[in-house]
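The values are calculated or read from the model by the stated rules, or taken from the named source; none is laboratory data. Since the structure is predicted, the reported quantities are computational estimates derived from the model, not experimental observations. Glycine also receives a Cβ, built like all others from the backbone with ideal geometry; neighbour counts cover every protein chain displayed.
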Amino acid sequence: MSLLALGLNHQTAPVALREKVAFAPEALPAALASLRAVAGVHEAVLLSTCNRTELYTRIEPRSEAAVTHWLANHHDLRVRELGDYLYCHHDADAARHLFRVAAGLDSLVLGEPQILGQVKEAWQAARTAHALATPLDRLFQHGFAIAKRVRSDTLIGAHPVSVAYAAVRLAQQVFARLDQASVLLVGAGETIELAARHLVDARARRILVANRTLEHAQQLAHRFGGVALPLSDLDRHLAEADIVICATAAREPVLGRDAVARAIAARRRAPMFLLDLAVPRDIEAEVAALEDVYLYTVDDLEQVIDDNRRSRQQAAGEAETLIELQVEQFMAWWRGSTRQDTLKSLRSRSEAMRDAALARAKEQLAAGHDPQQVLERLAHGLTNKLLHAPTTGLRRAAHAGDAHLLAAAARLFGDEVEPDDNTSDHRAQHDLESGGDAESDPQT
């Protein structure tokens, strides 16, 4: 059994591809059920944000290609379209990747705190869909604890930043004084709320909030002294905005080229600054071709974010050291758990053999067979059945000259004393060659 982390993110794939493989929250239960139905997939978690889509699975090693095909087929893509954009991490590397993601070390904004909440939501969705068992659940629980420790033991969170923060910083570079700018926020989720907080700190002159659910827009606008609008009124008020920041969960663009063109005309060519923080995109790409319109997506925030990343490199180095220690601890548990599974399987098979042999013995006693003979057949048959698999394996090892397996078997069964007479030698050789196969015993 193997751990696999497979996906793509802002570092490996453009936004156009990321939006094609994104999973809407309401689609997760069906997607998880479909992924779990793939042969060899035992557990699964789907993490989908504006910057990444990742599949965390516990699988049979031969099933990795099937998981890749599932991701492509689920989104009506060919595997070659994903191509080199995909990354695959196995076992310790998979654990390390999740821990870095949860701690914000793999984020567009280094150390940003939002991703931990998104990882927890993905984990909870998998639990609700019954797509988790102990190993993957333990991996994510370990990741949450590490992320908390990284944030408390290092300075990576001393100056919290996010994509929303970077967006407002970029807006400040375009509009030197936000206290003279009118800002339209489209959406009412966490990203928009963070943007609103930063805009208030920057003393933006006016804030409008448009959302499909008016009640949510009203709640957000009330907290930050803004004005709420239904999304249906977006086109009517668009011309009032100097800055537009969009971050909805819509599957199709909420702001089109024609609407922006009309707004620019109504503003008498006064420039508009548009920031699309959503994946899939909220603003049609064709908007960028309009004059006096400056459209940026999450991929365009790299420069602003790089400034923040440089200030956090030392803290990130400390965090990487913490994570490396935790990877070792988790993998020690994982290896122990794997061995425990083997022991459970061995015990289960042995108990099944015992129960079958005991049931047959009871039948023979009930039929009036001699109790002494029944007991002898029971002991002989059960011994041979239990030893059949290991003796077959040892016989093959002896024929193949596999000294390591033979030595391991000697340590496992406590056979540390070499035979000291010919009788013992012959008996041992006979056991290896015959295997003592209980399968051939007609009385068992």
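At a glance:
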| item | result |
| --- | --- |
| A265 out of contact with any His (no Cβ under 8 Å at 6 or more places or on another chain) and assigned to a loop (DSSP other than H, G, I, E, B) | no |
| Some residue of segment 305-314 being under 26 Å from T49 (Cβ atoms), surrounded by 15 or more Cβ atoms within 10 Å (Cβ to Cβ) and among the aliphatic types (A, V, I, L, M) | yes |
| Q303, sole failed condition from (1) in contact (Cβ under 8 Å) with a residue 60 or more places away in the chain; (2) in a helix (DSSP H, G or I) | (1) |
| Residue satisfying condition, being small (G, A, S) and free of Cβ contacts under 8 Å to residues at least 24 places away in the same chain, within set A261, A239, A265, A250 | A265 |
| Check on R169, touching a residue at least 24 places away in the same chain (Cβ under 8 Å), under 25 Å from P271 (Cα atoms) and outside any strand (DSSP E or B) | yes |
| Which numbered condition K120 fails, given (1) free of Cβ contacts under 8 Å to residues at least 40 places away in the same chain; (2) over 30 Å from E318 (Cα atoms) | (2) |
| Selected residue [over 20 Å from L98 (Cβ atoms), surrounded by fewer than 19 Cβ atoms within 10 Å (Cβ to Cβ) and in contact (Cβ under 8 Å) with a residue 12 or more places away in the chain] from A164, A158, A133 | A158 |
| Test result for R100, within 13 Å of the chain's Cα centre (by Cα), assigned to a helix (DSSP H, G or I) and closer than 15 Å to A315 by Cβ | yes |
| Residues of segment 219-252 classified as surrounded by 18 or more Cβ atoms within 10 Å (Cβ to Cβ), in a helix (DSSP H, G or I) and among the polar types (S, T, N, Q), total | 0 |
| Set S63, S48: member being under 28 Å from R335 (Cα atoms) and in the same structural domain as L139 (by TED's automatic domain parsing) | S63 |
| Only listed residue being charged (D, E, K, R) and touching a Pro at 6+ places or on another chain (Cβ under 8 Å), chosen from R127, R100, R138, R151 | R151 |
| Selection status of A72, modelled with pLDDT of 95 or more, assigned to a helix (DSSP H, G or I) and either surrounded by 16 or more Cβ atoms within 10 Å (Cβ to Cβ) or not assigned by TED's automatic domain parsing to the domain that holds L139 (or both) | yes |
| Residue, surrounded by the fewest Cβ atoms within 10 Å (Cβ to Cβ), within segment 398-423, restricted to residues that are at pLDDT 70 or above, small (G, A, S) and under 18 Å from L386 (Cα atoms) | A410 |
| Residues within segment 78-115 that are small (G, A, S) and farther than 16 Å from L55 by Cβ, tallied | 6 |
| Tally of residues being crowded, with 18+ Cβ neighbours inside 10 Å, closer than 13 Å to V244 by Cα and among the β-branched types (V, I, T) across segment 167-209 | 6 |
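Matching residues to (1) closer than 17 Å to A145 by Cβ; (2) surrounded by fewer than 21 Cβ atoms within 10 Å (Cβ to Cβ):
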| site | (1), (2) |
| --- | --- |
| R78 | no, yes |
| E81 | no, yes |
| Y85 | no, yes |
| A95 | yes, no |
| F99 | yes, no |
| L105 | yes, no |
| L108 | no, no |
